[in-house]
Amino acid sequence: MSLQQMLTHRRSVRRYADTPIDPDVVRECLRLAQLAPSSSNMQLYAFYHVTDKTVLSQLAEACFGQTAAATAQQMVVFVTRQDTYRSHAQAALDFERGNVRRNSPPDRQAKRIANYEGYYGKLMPFLYARCFGLLGGLRWLISRGVGLFRTMQREVTETDVRVVVHKSCALAAQTFMLAMAERGLDTCPLEGLDSRRVKQILQLPRGAEINMIVACGVRDGDRGVWGERFRLPFDEVYRKV
């Protein structure tokens, strides 16, 4: 499919046929989802690919019995993992050190590696750390002070950073749904759910948060989608500056 065909084909499918889908295809689409952009390349997310019928039934109940969940052949739970910021920052730093050595001119390598060490070794741990809102308050004060004299990142509270983590995870989820559409498979992103129960079902750690659940399958004919697609007139959302 072309991109336009994928976007046209993709709908939030509310009812799935009993047609089984290949879990390896879903897994490959999740591999493609990792190509989505992620803020500072921190990739603070995890994908829980659910194929077990018992777990699917439990998740459907946690999604209030929505038809999209109850008839899904498989599900993917997109989870944010801000609590893994230290290990992810270290992994990114290790990669960039090698990346610089492989691809940068020798006379610029030391400076570029030092920049990455400051970014991933100090700034990212400071930005993503949580402490009951206290660190976010400190970051807010620093950003407002520095912002008096130069351009400065303003969204640095713990709530702000949490939003950033969820946005990166949602970009991966959207990429996954497009990859599924390219293969002729259907999805439905679900946010109506009991996040506490979902965490219990999947035995997620305390620091994990549910971003969304994506139901997967093959649409059940005309019953799969709820009529025509609605979008606001383009001129209401488009602004040329």
When ligands, DNA and RNA are left out and all protein chains stay put, how many square angstrom of accessible area per residue does the chain have with a 1.4 Å probe? 60
Taking the range 85-173, which trypsin sites (Lys or Arg not before Pro) meet the DSSP loop condition and have no more than 15 other C-beta atoms within 10 Å? Arg130, Arg150, Arg154
Tell me the net charge near Asp220. Cut-off is 13 Å between Cβ atoms, Asp220 excluded, with +1 for each Lys or Arg and -1 for each Asp or Glu. +2
At a probe radius of 1.4 Å, what is the per-residue accessible area of Cys131, in Å² to the nearest 10? 50
Probe 1.4 Å, all protein chains in place: accessible area of Tyr238 in Å², nearest 10? 110
At what distance in nm do the modelled label points of Leu138 and Asp235 sit from each other, each positioned 7 Å from its Cα along Cα→Cβ? 5.3
Can you give the extra length, in nm with one decimal, that the chain gains between Glu28 and Tyr119 once fully stretched, where that is 0.36 nm per residue apart less the Cα-Cα distance? 29.6 nm
Compactness index (Cα Rg / 2.2 N^0.38 Å), the chain: 1.18
Over the chain, what is the relative contact order in whole percent, taking alpha-carbon pairs under 8 Å and six or more residues apart? 36
Treating each Cα of the range 84-159 as an identical point scatterer and ignoring solvent, apply the Debye formula and state log10 I(q)/I(0) at q = 0.25 Å⁻¹. -1.04
Under 24 Å Cα to Cα from Lys111, which lysines show up? Leave out anything in the same chain fewer than 8 places away. Lys122
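Any chance you could run the full-extension gain for Asp83 through Leu35? It's 0.36 nm times the residue separation minus the Cα-Cα distance, nm to one decimal. Write down the numbers at each step before the final one.
Values: separation 48, 0.36 × 48 = 17.28 nm, distance 2.14 nm.
The Asp83-Leu35 span can extend by a further 15.1 nm.
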Accessible carbon and sulfur surface of the chain relative to its total accessible area, %, 1.4 Å: 53
Would you calculate the separation in nanometres between label points at Leu7 and Ala110, each defined as 7 Å from the Cα along the Cα-to-beta-carbon direction? 4.9
Can you compute the modelled spin-label distance between Arg150 and Arg97, with each label point 7 Å from Cα toward Cβ, in nm? 2.7
Could you compute how much accessible surface Phe126 exposes when probed at 1.4 Å, giving the result in Å² to the nearest 10? 80
Among 222-234, 193-205, how do they line up from the highest to the lowest mean number of other beta-carbon atoms within 10 Å? 193-205, 222-234
Length gained, Val163-Ala129, 0.36 nm per residue minus C-alpha separation, equals 10.9 nm
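The values are calculated or read from the model by the stated rules, or taken from the named source; none is laboratory data. Bear in mind that the values here come from a model prediction, so they are computed numbers and not experimental data. FYI the Cβ positions are ideal-geometry reconstructions off the backbone, even for glycines, and counts take in every protein chain you see. For the accessible areas, the whole protein counts, side chains as well, though only heavy atoms, and no ligand, DNA or RNA atoms are used. Shrake-Rupley method; radii C 1.70, N 1.55, O 1.52, S 1.80 Å.
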